Structures are given as structure tokens and as C-alpha cells.
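The values are calculated or read from the model by the stated rules, or taken from the named source; none is laboratory data. All of these numbers come straight from a predicted model, not from anything done at the bench. So basically every Cβ, Gly included, is an ideal-geometry build from the backbone, and we count neighbours across all protein chains shown. Quick note on the areas: whole protein, heavy atoms, side chains included, nothing else; ligands and nucleic acids left out. Shrake-Rupley method; radii C 1.70, N 1.55, O 1.52, S 1.80 Å.
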Amino acid sequence: MAISVAGGVRPGKVIEIERRLYNQIIVGKQPVSSMLDELNTEIEESANKLDIERKALKLRIEKQVKERQIYLEVSTHLTQTVKNTIEHQLALPQSIIDSSGITESQILLLDLLLSPDLNLNRLRPIIEDNSWLCRDLINLINSPSSRHRRPKNGDVKVTDIKLVLNYIGLENLRTLIPYFCLRNWLPSGNTHLLWITRKLWRYSILSAIAAQALAQLHNKEPSLTYTCSLMYQFATSIMLTQSGRIFDKTWGTWLREASQSRDKQVYDAIMATEFPAEAIFNQVMLHGHTLNWQLLNLLKFEDSKITLVLKELDQDYHFTELSPEAAIVAKASCYAKVLLLEEQQLIDPQEKRIMFDYYEFSAQELLRLKAQNFRKLDLL
């Protein structure tokens, strides 16, 4: 007789499958195409060239015993230095906030957008306080896909943020601002993290689309579940960004020192050292979901609906004990994981049933999600 896993203590198999998705995102070598707007397309060519150069160096090093020994020693030392620095920062969550550039105004925006009686006059000064967000919104409204929302003269560029916000409208901002916030927190301009970033971004968007669909099906406010689904990867995004910066800084410093000392073997060993993805994956699994709400607490948003849902999802409750909003976020995350693992042929039908059974998907929910367009998030 089959034992039901629905809703109770999260079985080890469910935990293993969920870890498998994060392992594929952070450690997996499979490149993916970007989703929606092309994230970091300007560095894709550099990333490919660096990867080819690193592989060629490693192949040559492996053929020479002495160089291989130097590579192993230098690479191990460099990787351990990076890991120690990252672990030290993770032990002090406030230092993550200080070095990452996360501000109270960014979280305030997300919190305000959940208010039913919000107006644009309240939002505008906070948006203006975040220049990157103004830029993203202005670029969006001036993009070809948004021409129908602008004056009929196609050559006119809207640059005034007040006009931009009026064109977009409050309801669309509830979708756009969380989207742009997470994108801003993801690693950018980093050749070592290009594929990781694309995979995490796609997972986040698939989760957000699923959360919207499930909220609408159950007559819940989609803004909260949509925002929380994106924020479920908040700390992971920050951890990857900070890890990438630490690795780049350490890696670059060591390269310069080796170049100045004219030690080609050491230089090649450093050049061939890869980003310590396995170590970062372990840190994300250990700290990611807890830091989601701890960072928001440090920013003084401990009573925010977003914080409360994220904290609920971290407390390892039985699924049946979650609030309706947290349950939708958990289901959306599960569905996105299954979709992505299926694409890579990393989950079998029985495992898929275990996941859907634990998160208590109904036939109606699965039909709604199966009919959903996951290729594009409707931003406007």
C-alpha cells in the first residue's frame, strides 16, 4: 500500500528533489537561454571566451604533473580564501545589507504596493530615490513593445518619471516593481555567474507566474503571492551577488600579483580556477531561506506581510499548517522546480507525483497551471 506524503512532515525525498533544482541552478553546467529581457547579454561573449580559455588551460595543466600540482595547491588556496570570506560575511547579516546596497526604500516600495488604497503620489518620491528603478521604468515605456501606451508620434521619448508612472498605471506597477527589484539584486556584469543568474532568474519568473495563476484561481490577492514568490529568491540573489564580487576581487588581485611576479605557472593556475559553485550552493541551502526574512527584519520590516510569509516558509511547518498565501507560494515554487527539472530530465514521473502529492495539488490547480503560458510574464 502506498504511503501518503500529503502535507505532513516534509519527506526526505521532497527535500532531495528541491535541493536537486538548486544544485542544477548553481552548480550545473548546462547553459540556458535567457528569459524575457536578455539579462547580461553584453558579457555572454566574454563568459564563453573565459570558459573556453579556462578549459584549455586545465587540459594543458593536467598533462603536466608539476603544473598540475601547482594548480591544485593554488586553486585550493584561492577557493578556500574566497569561501572563508563569504562565510564570515554570512555570519553577520548586517554586513550583507551594508555591502549589497539594499535600502529600506526598496523594501518600502514592495510593501506599499500591497496596500489597496495606494496612490502614485505616495510612490513617486520613493521611486525617484532609486535611480536604477527610474531608468528601468523609463526604458520600458520607451521600448518598442510599449509604443501603444505613448503618444502617437513614435519618435517622442518619455523621460519624465511622473509621466512614465501615469502611462504605466498603478496596477501594472504592482507587477513591474517587484520584477525590477529582484532583477537589480541578481548578479550583473559577472562572467563567472552568467549561467547561474539566468537559471535563477528563470526559476523566479516561473514561480511568480504560477503564484499569480494559483492566487486568481483561489480568489486571493495575486500581488502578495506574486511578490513573495519573487522574494523567495531574495537572499539567494544577494548571496550570489556578494559571492561573485568576493571571488572577482580575490581572483583579480591574485592574477595581478602573479602577473607582476612573472610566474606563468601560478598565473595559469589562478586563471583556471573556477567560481566555487559547490561551496556557494551549500551556503544557499544552509542560509538562503532564513536570510530572506532576517534581512527584512534588519531593515525594520518585521511586520510586513512579505516578511511574515517568507518567515513562515522557512519555519519548516507541515504544508497543511501554512497560511493560504504561503501555501500558494510553496506550490508555485514546487511547480517551477518540477518544470525545470523535467526540462533537464532530472526528475522521473514517480518523483513528480511525490512532489505534487506533498504540496496537495488538486486536479483543478494542475489543469490551470498546465494551461498557463510560462514563456512570458505579462508586464504591461
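What the table shows:
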| item | result |
| --- | --- |
| The chain: DSSP helices with Cα axial extent of at least 24 Å and average Kyte-Doolittle hydropathy no lower than 0.5 | 194-217, 324-343 |
| About the Cα centre, charge dipole magnitude for the chain (Lys/Arg +1, Asp/Glu -1 at Cβ), debye | 920 |
| Whole-Å distance, taken between Cα centres, linking segment 310-355 and segment 90-114 | 26 |
| Protection proxy ranking, peptides 294-303, 217-226, average beta carbon neighbours within 10 Å, highest first | 217-226, 294-303 |
| Mean Cα-pair separation over length for segment 188-296, i.e. relative contact order, pairs under 8 Å, 6 or more apart, % | 29 |
| The chain, accessible surface, carbon-and-sulfur percent (1.4 angstrom probe) | 51 |
| Diffusion coefficient, µm² s⁻¹, Stokes-Einstein with Kirkwood Rh over alpha-carbon pairs of segment 187-234 at 25 °C and 0.890 mPa s | 214 |
| Spin-label pair GLN80/SER188, simplified geometry with 7 Å Cα→Cβ offset, distance in nm | 3.7 |
| Contact order normalised by residue count of the chain, Cα under 8 Å, 6+ apart, percent | 31 |
| Packing-based ranking, highest mean first, of 203-211, 98-106 given that Cβ atoms within 10 Å are counted | 203-211, 98-106 |
| Rg/Rh ratio calculated on Cα atoms of the chain (Kirkwood radius) | 0.99 |
| Highest to lowest packing among 253-259, 163-169, 174-180, scored as the average C-beta count within 10 Å | 174-180, 163-169, 253-259 |
| Residue-span extension gain [ARG122 to LYS370] - 0.36 nm each, minus C-alpha spacing | 85.5 nm |
| Cα gyration tensor category, rounded, prolate or oblate, for segment 246-342 with a/c compared to 1.5 | prolate |
| Above-threshold pairs, the threshold being 19 Å between Cα atoms, out of LYS220/LYS331; LYS199/LYS249; LYS13/LYS331; LYS55/LYS264 | LYS199/LYS249 |
| Cα gyration tensor shape for segment 125-263, rounded if a/c is under 1.5, else prolate or oblate | oblate |
| Extended-chain gain in nm, criterion 0.36 nm per residue less alpha-carbon gap, LYS352 and HIS88 | 91.3 nm |
| Listed residue (VAL158, TYR226, THR253) projecting farthest to the positive dipole end of the chain, Cβ model | VAL158 |
